[in-house]
Every structure is written in structure tokens, then in C-alpha cells.
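Student: Sharing a structure here in C-alpha cells format.
The values are calculated or read from the model by the stated rules, or taken from the named source; none is laboratory data. Given the structure is predicted, the values throughout are model-derived calculations rather than measurements. When we count neighbours, we look across all protein chains shown, and the Cβ atoms used for this are built from the backbone with ideal geometry, even at glycine. Each accessible area value is taken on the protein alone, full model and side chains, heavy atoms only, with ligands, DNA and RNA left out. Shrake-Rupley method; radii C 1.70, N 1.55, O 1.52, S 1.80 Å.
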Amino acid sequence: MSDSMYDALRLENQLCFPLYAASRQIIKQYHPYLSRLDITYTQYVTLMVLWEEKKISVKKLGQRLFLDSGTLTPVLKCLEAKGYITRKRSGDDERVLIAEITPQGEKLRESAAEIPSQMSSCVRLSADEAATLYQLLYKLLDNPERQ
């Protein structure tokens, strides 16, 4: 068997690898900013949705974050233990769990407000390159099988 048969298995030929490595690298660069707030990156993006929505079903939150309930539940429990969110059953349908930002969680937003601008200096892309990358990444995420 020729080596060319295995070319598809070369790391340099994998689209997923630079996406994976870049994601890890960027999340690592968030660490100093988020550690000051005592939150993880996953908690940060969860809070970002809640700062925007104020109240959202856990199912919809998971869809927005591309997270399954097994990953999201511990994040929400931790945020709740810190006093940043509450979780409660919907009054309309007790099967639906609602996450809601608390006043303490809203206050944390003030401390987090400068993180995006601080992070922009860590990403060496022009504004046009960043916009193109953003569009391409969301194109990859727009998978009809996911819905």
C-alpha cells in the first residue's frame, strides 16, 4: 500500500485540527481576564447569553451555545452557586427549566465589559479577516442535522 493512500490522515490535511488548536489558543488567552472574575470560558459565554436575554429556557440556552445538557448543567449549577443566575421550572410547563440572570450576575457584566476589547489585541487579524472568519465559522455551525 502506498503512502498516498494515507495522505488524508496527515495532520496537515485536517481542517478540524487548526480549528481545534485555534479555539484552544484563544480560550487560553481569555484565561487571565476570566480568572479575575473567577469564571471559566464556558461560564462566560453562558453569562453573555443571559446578559442579553435575561431569562431563557435551558434548552434554548444550550442551542445558542451549541452545548448539550450534560455539559451545560454543571456550568449552570456553578453559576447558580456563585449567585449569578437562578434556575427554576416554568410556571407554564414544569418540564421546562428556566435560567435567569440575578442582580449579582448583572453586576458581573460591568466587570466583564472590557474583556472583548482586551481580547481583540490578542487576535492578529484585521477587521476584514475577523469578519470573514466569523462568517465562515458560522457557516460551518449552520448544520441542518443539528436542529
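Student: Taking the condition of being of a type outside the set (A, V, I, L, M), under 30 Å from Asp38 (Cβ atoms) and in a helix (DSSP H, G or I), how many residues in region 112-137 meet it?
Tutor: The qualifying residues number 5.
Student: Given the condition among the small types (Gly, Ala, Ser), surrounded by 12 or more Cβ atoms within 10 Å (Cβ to Cβ) and touching a residue at least 24 places away in the same chain (Cβ under 8 Å), answer yes or no: does some residue in region 73-83 qualify?
Tutor: Taking region 73-83 and keeping what is among the small types (Gly, Ala, Ser), we get 81, 83.
Add one more test, that the residue is surrounded by 12 or more Cβ atoms within 10 Å (Cβ to Cβ), and what stays is 83.
Keeping just the survivors that are touching a residue at least 24 places away in the same chain (Cβ under 8 Å) gives none.
No: zero hits.
Student: With respect to Leu137, determine if the residue is under 14 Å from the mean Cα position of the chain (by Cα), open to solvent by less than 80 Å² (accessible area, probe 1.4 Å) and at pLDDT 95 or above. Break it down stepwise before answering.
Tutor: On the way: under 14 Å from the mean Cα position of the chain (by Cα): yes; open to solvent by less than 80 Å² (accessible area, probe 1.4 Å): yes; at pLDDT 95 or above: no.
So Leu137 fails the test.
Student: Additional query: Which of the residues that make up region 59-68 are free of Cβ contacts under 8 Å to residues at least 60 places away in the same chain and under 14 Å from the mean Cα position of the chain (by Cα)?
Tutor: Of everything in region 59-68, those that are free of Cβ contacts under 8 Å to residues at least 60 places away in the same chain and under 14 Å from the mean Cα position of the chain (by Cα) turn out to be Lys60, Leu61, Gly62, Gln63, Arg64, Leu65, Leu67, Asp68.
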